[in-house]
1. Cut-off is 10 Å between beta-carbons; in what order do TRP99, TRP122 appear when sorted fewest neighbours first?
2. Could you order the peptides 161-170, 81-90 from most to least packed, using the average number of other C-beta atoms within 10 Å per residue?
3. Going by average Cβ density within 10 Å per residue, which order do the peptides 176-184, 231-239, 102-110, 299-307 take, highest to lowest?
4. So for the chain, averaging the separation of alpha carbon pairs under 8 Å that are six or more residues apart and normalising by length, what relative contact order in percent results?
5. Would you please put 240-251, 211-222 in order of how densely packed they are, using the mean number of other Cβ atoms within 10 angstrom per residue and starting with the highest?
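Computed from the coordinates by the stated procedures, all read-outs in this text should not be read as laboratory data. Just so it is clear, the structure is predicted and the values come from calculations on it, not from any experiment. Cβ: placed from backbone, ideal geometry, glycine included. Neighbour counts: every protein chain shown.
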Amino acid sequence: MKLTKYEFNPILKPNPKNQWENYCVLNPAVIYDEAKKEFVMLYRAAGDDLKHYIYLGLATSKDGFHFVRQSDEPNLAPIFDGEDGGGVEDPRLVKMGDWYYLTYASRPYAPGRYWLDEPKPWVNPPKDGPLFLKWNNTVTYLAITQDFKTYKRLGRMTDSREDDRDVYIFPEKINGRYYRISRPMFACGKGYENKNPAIWISDSDDLLEWQGRRLLMQSEYWWESKKLGGSCPPIKTDKGWFMITHGVSKKDDSYRVGAILMDLNNPDKIIARTKEPIMVPEADFETKGVYNGCVFPTGNVVKDNILYVYYGAADTFVCVATCNFTDLLNEMLNEK
């Protein structure tokens, strides 16, 4: 089964009147607020400045397709002289109890226009200093909010040496433990079972310190031959934990989308996996942009048995695709 892309994509475009979001909007976290009966989106945004600082904007929707920006100001901005000073990127959201838990990627320095062959703008690190500063490695941070107005930043939850992004947590404890998905770029090759960057799982009792990281899955198919990562926070179903993944092909460097099912009581165990991608870059706004050939999901919602998958298109726009959720789950189980 393939996801059906919304015919009026993109659903969010750069906003020329706000400098912080006038170049690209992409990779949104989306959650459904049952109390307000609305979809809430935190989207990554950046302007046309040389350093390319990255922010999060806020938008809401009643139907999951038509989103309205809630402010001309960023909803969450980097603390420029702090550890997440380069930007707040690729948000993921889950709700536990009365709180929303936000994971986001960041770098010490703004990344610059990474799609161009030009010198990087970040400050020269101390001579003989740590490599993560020299390389401007990604670290994933955790923040919490109840209202998307005020946030408490709790600190980093990944190792600064591993360039770890595509990190998010499960929306509830399993057997009394929190679970986390991650994709450390450097945990591959010599000394590892996986040759290329892959998806890892770990557990914790406090969300910041994680023990016993295990390899959950690695590349098996051509469309994920270069690297494989998690995309959207898992969704609990009676058939297992459903999770969207993404793969990058060595053939064309394009991003494609897959999905897996994990055991409800032991998410280390994969019980179903799509062999072919369920979404691929096709439209002009997916194949041509800041990153050519990219559909990159970061948010998913199930409402009235419809799965809404929100994704960045060519690192430039926000789009959405849908399908009948029960049909997709059944097809995955029958494909085993």
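1. Details: TRP99 12, TRP122 19.
The order, fewest Cβ neighbours first, is TRP99, TRP122.
2. Numbers: 161-170: 22.7, 81-90: 20.3.
Going by the mean number of other Cβ atoms within 10 Å, highest first, we get 161-170, 81-90.
3. Details: 176-184: 20.8, 231-239: 19.2, 102-110: 23.9, 299-307: 17.2.
The peptides rank, most packed first, as 102-110, 176-184, 231-239, 299-307.
4. Numbers: 909 pairs, mean separation 53.5, N = 336.
That works out to 16 percent.
5. 240-251, 211-222
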